[in-house]
Amino acid sequence: MQKKTIEIKLESGLEASPIALLVQEASRFESKIYLETESKKVNAKSIMGMMSLGLDNGEELTVVAEGEDEKAAVAGIEAFLAGTK
């Protein structure tokens, strides 16, 4: 299992369009991927779950991945949330 806390660095935060792209990014990986905040844990491959987070730029969340490509999955999500992907 890989676990990493990441700061969101997307100007618009996690609104509908970036969330759809993040779900697409997460779906590229075989691993189970979850995003956790202080009060919620959602499947990163679920658009409805992701919409429920309501996160903004500058907030932190923890990415948890478990599976064959867990390291690549965490790196991919981190790159997306950092605005470098």
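Here are the numbers for the structure shown:
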| quantity | calculated |
| --- | --- |
| Segment 46-76, subset over 15 Å from residue 21 (Cα atoms) and of a type in the set (Ser, Thr, Tyr), residue surrounded by the fewest Cβ atoms within 10 Å (Cβ to Cβ) | 52 |
| Filter pass, residue 64 being closer than 20 Å to residue 84 by Cα, part of a strand (DSSP E or B) and touching a residue at least 12 places away in the same chain (Cβ under 8 Å) | yes |
| Residue in segment 6-45 that is surrounded by the most Cβ atoms within 10 Å (Cβ to Cβ), counting only those that are part of a loop (DSSP other than H, G, I, E, B) and among the basic types (Lys, Arg) | 45 |
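Read-outs throughout are calculated quantities, based only on the coordinates presented, and are distinct from any laboratory measurement. This structure is a prediction, so every number in the text was calculated from the model and none was measured. All Cβ positions, even for glycine, are placed from backbone atoms using ideal geometry, and neighbour counts span all protein chains on display.
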